[in-house]
Amino acid sequence: MLLAFILVAPWLGSARLPALLNGLLTPVGRLLVPAFGFAIGAAAFSSRSSFRSLRPLAVPLGSLLGIALLGALQLAPLPDRAFGLVAPVNLEIYHETAEILSLYGKTPPLPRVSLAPEETAGSVLRLGGYAVLLAAAAQLLRTRPRRRVFVGTLLTAACLHVVAAGVVLAGGGPFRGAFGSAEDFGDYLLVILPLAFGAFWAAILTNSDRGRDAVDRAERLEQQLSPVVARGLAFATLMAGIALTGSGGNVAAGTVAIGFLLALASRRRRRKRPAGAVATGVTASLLLAARVNAVPLAALELGGDMGRRLAVWRASLDAWHRFPILGTGLGAFRDAFRRVQPRELSGFVDTAQSDLLQILVTGGAVGALAAVVACASLLAVLLRLWKEQKHREESAMALAGVGALAALGLDGLVEFNLGAPAVPATLACVLGLAVAAGLGSPREPSAAPQTP
């Protein structure tokens, strides 16, 4: 089920899904991702296989649960006194709405914090699905063979997406893959790029172990070069795909994240001296990305009109100041932004173009604090597991999780990159893989013998 999910995830919840399913409404389509997540979690945790403790994920999962509980509170009807204390502007909006509806003889809505209850309910379900996916992947990918199959499947699927999108681009179509926009496609590839680096790094670290039983030097050289070349090509393909999306922010975030991983990995394995080969491959990929993008890396912009972006950020901060504690309701950014959108900022604005500002507006200070704790604690857990892991391949996979979280986090400073459900869902699976590798070993410990 997990392998099937990562193959179909790019199509689930995308803007193109309704056409594929004969007019199925997009909100319903976006709920297919958490439905998959809950189904995978139910199957994983109800099986008879030995259960691994999720104690290392206690703080991150607890923080995600806190955001989900905040969403539930935003949906709960509140008495006027409590409502006025924690969300006075929300209460004012509720009374305005009730007064307008009463003029037409309509029943007023329940007094809730959320300005868009349906969107908030959907956001809570999606968040729960992502958390379950993270825990289930950490449980399912406990052994090296499983992790290899998962990584191979995800990298192959992502590279095929890039190739297929390139064929469409050559025919004059947009470079967006199965996603509704090139930006969402770039965010998806940005999550998988550090995984390709981790696989490439693992091939470098274990290269000396291959070909020991080879008959001659040519056979040994073939066995040593084949995995390195294949994984290097996968990395270069994904980097080129990110460049072809035209998102300078994604290219910059990917470059910084991979450079950070290379620095960490080289420092830990400085006596093995594989850094030169990795640096050569990474540099070649970055040059390829720059060539495909037809601009120097130093000239990459954040994307879009910077003046408009700054205006959106200022208005988003204004919206947060009006809803400082509990926000406007998870997923209710559009409803809040319309109240503060300046006249000179024309057009429809549905995101804050920043993950942090998005959660500040929709979740208030409470939601933003929980999100920061979740990301920071998860990054700390992955770094600790990577540092403590003694097996080379497992340490590379743990390092890939650090890179995926760092890359998407860096890009999230200037973009809202969690809009397509496949992006956070894939991130949850990659992070679960990294946790499983950090805790795991080449083989799953045998079950304890049962007393007859």
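The values are calculated or read from the model by the stated rules, or taken from the named source; none is laboratory data. Quick caveat: nothing in here was measured; it's all calculated off a predicted structure. Quick reminder, even Gly has a Cβ in these numbers, built from the backbone with ideal geometry, and neighbours come from all protein chains shown. When the accessible area is computed, the model is the full protein with side chains, heavy atoms only, and any ligands, DNA or RNA have been set aside. Shrake-Rupley method; radii C 1.70, N 1.55, O 1.52, S 1.80 Å.
A few remarks follow.
- The residues neighbouring LEU189, those whose beta-carbon lies less than 13 Å from its own, together hold a net charge of -3 under the Lys/Arg +1, Asp/Glu -1 convention.
- You can think of it this way: the chain between ALA43 and ARG148 has 35.7 nm of extra reach, that is 0.36 nm per residue less the Cα-Cα gap.
- For segment 343-444, with +1 on Lys and Arg beta carbons and -1 on Asp and Glu, the positive-most of PRO421, VAL361, LEU378 along the dipole: LEU378
- Sorting 186-199, 66-79 by average packing, meaning the other beta carbons within 10 Å per residue, from highest down gives 186-199, 66-79.
- FRET efficiency estimate (nearest 0.05) - Cβ-Cβ, GLU118 to THR206, R0 51 angstrom: 0.55
- Over all other residues within a Cβ to Cβ distance under 13 Å of THR97, the charged ones net out to -1, with Lys and Arg as +1 and Asp and Glu as -1.
- Residue-span extension gain [LEU310 to LEU413] - 0.36 nm each, minus C-alpha spacing: 35.8 nm
- From most to least packed by mean Cβ count within 10 Å, the peptides 365-372, 406-413, 385-392 give 406-413, 365-372, 385-392.
- Two-site label geometry, LEU103 and GLU344: point separation in nm, points 7 Å out along Cα→Cβ: 3.2 nm
- Spin-label model, LEU3/SER181: points 7 Å from Cα along the beta carbon direction are separated by 3.5 nm.
- In the distance distribution for segment 304-452, Cα-Cα pairs more than 29 Å apart total 34 percent.
- Charge dipole (debye, nearest 20) of segment 354-424; +1 at Cβ of Lys and Arg, -1 at Cβ of Asp and Glu: 260 debye
- Per residue, the accessible area of segment 326-423 comes to 37 Å², computed with a 1.4 Å probe over protein heavy atoms only.
- The length gained by stretching the chain between LEU65 and ALA157 to full extension, at 0.36 nm per residue less their Cα-Cα distance, is 30.0 nm.
- The chymotrypsin sites (Phe, Trp or Tyr not before Pro) of segment 69-161 that meet both conditions, a loop assignment by DSSP and at most 11 other Cβ atoms within 10 Å of the site Cβ, are TYR104.
- Segment 346-384 versus segment 129-191: alpha-carbon centroid distance in Å: 23 Å
- Placing +1 on the Cβ of every Lys and Arg and -1 on the Cβ of every Asp and Glu, with no other charges, gives segment 303-441 a dipole of roughly 240 debye about its Cα centre.
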